[in-house]
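**Student:** Take this structure, written in structure tokens, and hold onto it; I'll ask about it next.
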């Protein structure tokens with residue numbers, strides 16, 4: 001989803017000799033009527049006649065010199081007009097949309113109601129209507145320093161430090177073959193066959209699977225717990241994908257071996273191997289700082305998302321059903337389960353409302369994006385998400401999208417500067433380091449490049 005432009009005025013516009021009018025059908029749907037006189041199409045008509053003249057052979061006329069009246073007699077003027085209408089209509093639609101200040105959220109439904117004269121004297125006009133879903137009007141809710149946003153505290157516990165240490169140790173873990181029964185966290189090398197009504201529908205061989213990860217089939221973790229090498233287990237599971245998605249399958253797993261994850265000992269030798277520190281005490285202190293920094297970053301993101309939820313809870317933003325449907329269709333298959341479709345729809349609606357809210361905030365705070373901010377933001381996006389910078393600026397439209405993304409992110413930062421942020425202990429939270437004067441700094445980038453609420 002991308003920016004949609006300017007607010008919607010409903011008026012009559014005359015541009016040169018082209019006239020357009022807008023009729024509001026629903027809060028999120030308008031009918032745009034555009035009248036294009038023949039004079040505005042004359043150059044395209046002349047070109048169409050010339051193109052046809054160069055393609056046909058008519059006795060008595062040199063190729064490319066066939067008069068328009070002869071082409072009308074032989075082929076009919078309607079065919080020429082149809083070609084011209086197809087060429088000029090998109091441009092006149094775009095011009096009318098821009099001049100009327102419309103913000104389309106979906107492709108229009110276009111109907112041509114009148115075309116220039118197909119017989120007799122050349123003239124008449126092209127009239128077409130376009131029904132299109134548009135961005136709804138809404139008023140931003142009021143918020144100020146008395147508006148309180150609550151976020152989690154950044155207090156670092158021993159458990160937090162242990163988690164940081166275990167994550168670091170996990171990077172250097174080894175797998176050791178065991179003879180005991182398998183449990184959660186162990187790795188089993190398996191062969192697996194799934195059948196439906198006795199027919200094999202899927203199989204894998206020599207796959208290493210972490211028990212408890214839940215990354216394959218429902219019931220698989222339960223079946224593997226307590227197994228040993230060379231054992232065979234069976235269970236019934238509902239398939240999650242493929243042509244048999246949603247069907248129950250009989251699953252047979254052959255356990256080839258079981259390995260336990262063995263973490264390196266947390267001592268001074270380990271500290272020296274994985275860091276610049278000489279002792280575990282020094283490494284632990286650094287891990288404590290890292291845990292605090294991580295919590296601060298999550299706190300900033302939490303404040304942003306809490307503000308979004310607060311504002312969305314105070315304003316009604318009616319979305320065009322067609323626009324929502326279009327986005328949902330791109331997320332889930334047509335034959336997806338109702339629950340999956342429902343979740344996708346809720347996510348799309350939340351994202352669209354967040355985007356529109358952010359655009360309104362950008363307008364409220366008169367957010368501007370400098371060239372340097374654009375460059376810095378693109379670099380940060382590239383580093384965070386592996387996006388090719390050249391791709392970000394591959395076209396004027398793509399560049400406009402990046403500018404809009406940055407503008408919306410800056411708008412949320414400006415809004416956060418206004419409200420009061422407290423943690424769950426009631427202490428004031430200072431987020432200045434995350435959105436100071438330059439949102440494209442390393443700290444600021446953490447809050448502006450993390451997609452708002454897309455994790456939900």
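**Student:** Give me the pairs: first residue in region 233-249 and part of a loop (DSSP other than H, G, I, E, B), second residue modelled with pLDDT under 85 and surrounded by 13 or more Cβ atoms within 10 Å (Cβ to Cβ), beta-carbon distance under 8 Å, and six or more apart or on different chains, which are they?
**Tutor:** Matching pairs, first to second residue: 239/245.
**Student:** Further question: Could you check region 136-211 for strands (runs of 3 or more DSSP E) lying wholly inside it with 1 or more residues that are over 33 Å from the mean Cα position of the chain (by Cα) and more than 30 Å from residue 364 (Cβ to Cβ)? Don't jump to the end; show me each part of the working.
**Tutor:** On the way: elements: 148-151, 174-177, 187-196, 199-210.
In region 136-211, 174-177, 187-196, 199-210 are the strands (runs of 3 or more DSSP E) which contain 1 or more residues that are over 33 Å from the mean Cα position of the chain (by Cα) and more than 30 Å from residue 364 (Cβ to Cβ).
**Student:** With (1) free of Cβ contacts under 8 Å to residues at least 60 places away in the same chain; (2) within 27 Å of residue 133 (Cβ to Cβ); (3) touching a helix residue (DSSP H, G or I) at 6+ places or on another chain (Cβ under 8 Å) as the list, and residue 72 as the residue in question, which single condition is left unmet?
**Tutor:** (2)
**Student:** Right, something else. So, in region 161-202, how many residues would count as being touching a strand residue (DSSP E or B) at 6+ places or on another chain (Cβ under 6 Å), farther than 11 Å from residue 257 by Cα and surrounded by 13 or more Cβ atoms within 10 Å (Cβ to Cβ)?
**Tutor:** 9
**Student:** Would you confirm whether or not region 374-388 contains a residue that is more than 28 Å from residue 28 (Cα to Cα), modelled with pLDDT of 80 or more and touching a strand residue (DSSP E or B) at 6+ places or on another chain (Cβ under 6 Å)?
**Tutor:** The answer is no, given that none of the residues of region 374-388 is more than 28 Å from residue 28 (Cα to Cα), modelled with pLDDT of 80 or more and touching a strand residue (DSSP E or B) at 6+ places or on another chain (Cβ under 6 Å).
**Student:** Something else about it: Take the residues of region 25-41 that are assigned to a strand (DSSP E or B) and within 29 Å of the chain's Cα centre (by Cα): which is farthest from residue 319 (Cα to Cα)? It would help to see each step written out before you state the result.
**Tutor:** In the first step, residues of region 25-41 are kept if they are assigned to a strand (DSSP E or B); the result is 25-26, 29-37.
Imposing the further condition that a residue be within 29 Å of the chain's Cα centre (by Cα) reduces the set to 25-26, 29-32.
Working: 25: 14, 26: 11, 29: 10, 30: 13, 31: 17, 32: 19 Å.
Within region 25-41, the match that is farthest from residue 319 (Cα to Cα) is 32.
**Student:** Only one residue in 323, 306 is in contact with a strand residue (DSSP E or B) (Cβ under 6 Å, 6 or more places away or on another chain), part of a helix (DSSP H, G or I) and modelled with pLDDT of 95 or more, so which one is that?
**Tutor:** Working: 323 fails: modelled with pLDDT of 95 or more.
It is 306.
**Student:** Still on this structure, I have one more. For residue 104, indicate whether it is closer than 30 Å to residue 304 by Cα and under 33 Å from the mean Cα position of the chain (by Cα).
**Tutor:** Numbers: closer than 30 Å to residue 304 by Cα: yes; under 33 Å from the mean Cα position of the chain (by Cα): yes.
Answer is yes for this residue.
**Student:** Hey, does region 374-392 have a residue that's within 19 Å of residue 140 (Cα to Cα) and part of a helix (DSSP H, G or I)? First the steps, then the outcome.
**Tutor:** Step one: list which residues in region 374-392 are within 19 Å of residue 140 (Cα to Cα), which gives none.
Looking through region 374-392, none of the residues is within 19 Å of residue 140 (Cα to Cα) and part of a helix (DSSP H, G or I).
**Student:** Condition check: surrounded by fewer than 13 Cβ atoms within 10 Å (Cβ to Cβ), assigned by TED's automatic domain parsing to the domain that holds residue 79 and modelled with pLDDT of 90 or more. Does residue 23 satisfy that?
**Tutor:** Values: surrounded by fewer than 13 Cβ atoms within 10 Å (Cβ to Cβ): yes; assigned by TED's automatic domain parsing to the domain that holds residue 79: yes; modelled with pLDDT of 90 or more: yes.
Yes.
The values are calculated or read from the model by the stated rules, or taken from the named source; none is laboratory data. Please read these numbers as outputs of a predicted model, since none were measured by experiment. Glycine gets a Cβ as well: all are built from the backbone with ideal geometry, and neighbour counts include every protein chain shown.
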